[in-house]
Amino acid sequence: MMTLQAAGYSQAFGHDIALALLPLGLGTPGTALEVSILGERRPARVIADRRLSL
């Protein structure tokens, strides 16, 4: 289980996003993870870095 560094709803992406510090072996896009949000375990997955053009 990973602890999030920052999280919130993104108006630009239209869904929740989060930042977590991961060991190198877990940073591959598509990797399934479990994160703690306010003490509750939630499923998450690693996605590729996407740049936002405004």
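The values are calculated or read from the model by the stated rules, or taken from the named source; none is laboratory data. Keep in mind it's a predicted model, so treat the numbers as computed, not measured. Here the Cβ positions follow ideal geometry from the backbone for every residue, glycine too, while neighbour counts run over all protein chains shown. When the accessible area is computed, the model is the full protein with side chains, heavy atoms only, and any ligands, DNA or RNA have been set aside. Shrake-Rupley method; radii C 1.70, N 1.55, O 1.52, S 1.80 Å.
Taking the listed residues GLY8, GLY30, the one that is open to solvent by less than 60 Å² (accessible area, probe 1.4 Å), outside any strand (DSSP E or B) and free of Cβ contacts under 8 Å to residues at least 24 places away in the same chain is GLY30, with no other qualifying. Every listed requirement among (1) of a type in the set (Gly, Ala, Ser); (2) at pLDDT 85 or above; (3) open to solvent by 70 Å² or more (accessible area, probe 1.4 Å) is met by SER53 save one, (2).
The residues of segment 33-50 that are at negative phi and part of a loop (DSSP other than H, G, I, E, B), listed by number, are VAL46, ILE47, ALA48, ASP49, ARG50. Identify all residues within segment 10-46 that are under 9 Å from the mean Cα position of the chain (by Cα) and of a type outside the set (A, V, I, L, M); write none if there are none. Passing the criteria: ASP16, ARG45. Across segment 33-50, the qualifying residues are those that are open to solvent by 80 Å² or more (accessible area, probe 1.4 Å) and aliphatic (A, V, I, L, M), and the one among them that is modelled with the lowest pLDDT is LEU38.
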